[in-house]
Amino acid sequence: HLRFTLPGDLFANIDKIGDVCCPVFIVHGTRDEIVPVWHGQCLHEICQKKGTAYGAYIVPEADHNNLEVQAGDEFYDRLQRFLRHLDETPVSDKLRRQAENSRL
């Protein structure tokens, strides 16, 4: 498994995840043919080491573009719990500084 982005990858998540300070919820399908499931698992592992991982929801037999349909209500239940977690968790000083120093 690669720990870096291949040339031409528009979404260099594996290169950028180390800079993320907010809680991260990884959702990935096991049958994703566009982005392999191990990529999502690697992102989750990095977030766990940094302490930013909320959790990972690996959806059995789901692919890339309609994962929420394949997962059904479970997807929305987990997403709702994550959003509730964000609402109930104070913003860390590190995240506040990152937001203040970011450029769009």
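Some observations on this one:
- H39 vs. criteria modelled with pLDDT under 95 and in contact with a strand residue (DSSP E or B) (Cβ under 8 Å, 6 or more places away or on another chain): yes
- Within the stretch 1-33, the set of residues being in a loop (DSSP other than H, G, I, E, B), closer than 27 Å to R97 by Cα and either at pLDDT 80 or above or among the small types (G, A, S) (or both) comprises A12, V20, C21, C22, P23.
- Residue match in the stretch 64-74 (condition: within 22 Å of N13 (Cα to Cα) and touching a residue at least 40 places away in the same chain (Cβ under 8 Å)): yes
- The helices (runs of 4 or more DSSP H) located wholly in the stretch 34-104 that include 2 or more residues which are β-branched (V, I, T) occupy 37-50.
- The stretch 53-67, residues that are of a type outside the set (A, V, I, L, M, F, W, C) and over 15 Å from the mean Cα position of the chain (by Cα): P60, E61, D63, N65, N66
The values are calculated or read from the model by the stated rules, or taken from the named source; none is laboratory data. Please read all numbers here as calculations on a predicted model, not as lab measurements. As a convention, Cβ positions derive from the backbone with ideal geometry for all residues, glycine included, and neighbour counts pool all protein chains shown.
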